[in-house]
1. Can you find a residue in region 94-114 that is surrounded by fewer than 22 Cβ atoms within 10 Å (Cβ to Cβ), of a type outside the set (A, V, I, L, M) and within 27 Å of Ile55 (Cα to Cα)?
2. Out of region 201-225, which residues are under 16 Å from the mean Cα position of the chain (by Cα) and not in a helix (DSSP H, G or I)?
3. May I ask you to verify whether Val90 is β-branched (Val, Ile, Thr), buried (at least 19 other Cβ atoms within 10 Å of the Cβ) and not in a loop (DSSP other than H, G, I, E, B)?
4. Just to be sure, is Leu226 surrounded by 18 or more Cβ atoms within 10 Å (Cβ to Cβ) and touching a His at 6+ places or on another chain (Cβ under 7 Å)?
5. Quick check: anything in region 241-251 surrounded by 15 or more Cβ atoms within 10 Å (Cβ to Cβ) and either assigned to a helix (DSSP H, G or I) or among the basic types (Lys, Arg) (or both)?
6. Checking the structure you have, find out if any residue of region 119-128 is assigned to a loop (DSSP other than H, G, I, E, B), in contact with a strand residue (DSSP E or B) (Cβ under 6 Å, 6 or more places away or on another chain) and closer than 27 Å to Ser184 by Cβ.
7. Please go through region 149-166 and give me each residue that is crowded, with 18+ Cβ neighbours inside 10 Å, of a type outside the set (D, E, K, R) and touching a residue at least 40 places away in the same chain (Cβ under 8 Å), ordered by number.
8. Which of the residues that make up region 168-196 are out of contact with any Gly (no Cβ under 9 Å at 6 or more places or on another chain), in contact (Cβ under 8 Å) with a residue 40 or more places away in the chain and either of a type in the set (Lys, Arg) or assigned to a helix (DSSP H, G or I) (or both)?
Amino acid sequence: MRIIDCHNDFITELSANKCEKYVSKLKDERVISAVWSSKLDELQVFKKLELGSTISKLGKTWLAVEDCHFITPQNLSKVLRFSPIYCGLVWNDDNIFGGGANGISGLTKNGEILCKLFEENNVLIDLAHSNEKTFYDIARISNKPLFCSHTAFYTLKEHNRNLKDYQIKMIAESKGFIGLTFVSEFLSERKKATVKEICEHISYFVSKFGINNLGFGSDFYGTKNLPRGVSNYSDFKKISAQLLKLGFTQNEIDCLFYKNFIKFIDNLV
């Protein structure tokens, strides 16, 4: 089963040896693994970026950065040398670049400068952890399609990490991309979400916004609260089976699993 996952934190969480083993077990999956910098000091961040760059040469992964709080004018060029596919300016709190999901700031002047530098260097700006102010500010200045690596939908589950309909519409109209996450508290009122609720979020999105701008951003290794029965890529077959029951065609499932992201990336070139 071919899968592209837009957000998996395994590079942050695993040792070099375990990372290589993890990637060697990937079959038809292509994974974007984020260096979650808010868990690391600056030295560790760059060690993880180096590891991610090495692992990406195995051909099954891309590298990303989650939370740019550590970036300075002095080390930005070093970050760009690792060619991350995307960078998220913030995590859940405010930093010098903007406001996180729990914060109150909008995009700062430093954040605006960083966004422009990322776009000039073909790095996507990840909106996943931005609050509404920062989301809107980035959308206002961006010349690229909008991108959100891992989230779910506020109409179905009110959570400050989830996208509201107007935000989804802005992303879709920009020909952007959204990765649906498997974090249970984003998907359900219950402690543990289910495959059924993952598919409810998919069905909601497709019914309102179409099939073309949605994929997956699992957040494997970034959350301990995964849905019941979903812990690795082999479990995607359960999502596929449920979607078939709901009337999705195999081509539509393929679009969600990998085709949409390939089209999104191809259109950036």
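Laboratory data are not the source of any read-out in this text; all were calculated from the coordinates shown. These figures come from a predicted structure and were not determined experimentally. All Cβ positions, glycine included, derive from the backbone under ideal geometry; neighbour counts span all protein chains shown.
1. Scanning region 94-114, I find no residue that is surrounded by fewer than 22 Cβ atoms within 10 Å (Cβ to Cβ), of a type outside the set (A, V, I, L, M) and within 27 Å of Ile55 (Cα to Cα), so the answer is no.
2. Asn213, Leu214, Gly215, Phe216, Gly217, Ser218, Asp219, Phe220, Tyr221, Gly222, Thr223
3. no
4. Answer is no for this residue.
5. Yes, the conditions are met somewhere in region 241-251.
6. yes
7. The answer is Ser149, His150, Thr151, Ala152, Phe153, Leu156.
8. Answer for region 168-196, where residues must be out of contact with any Gly (no Cβ under 9 Å at 6 or more places or on another chain), in contact (Cβ under 8 Å) with a residue 40 or more places away in the chain and either of a type in the set (Lys, Arg) or assigned to a helix (DSSP H, G or I) (or both): Ile168, Lys169, Ile171, Lys175, Ser184, Glu185, Leu187, Lys196.
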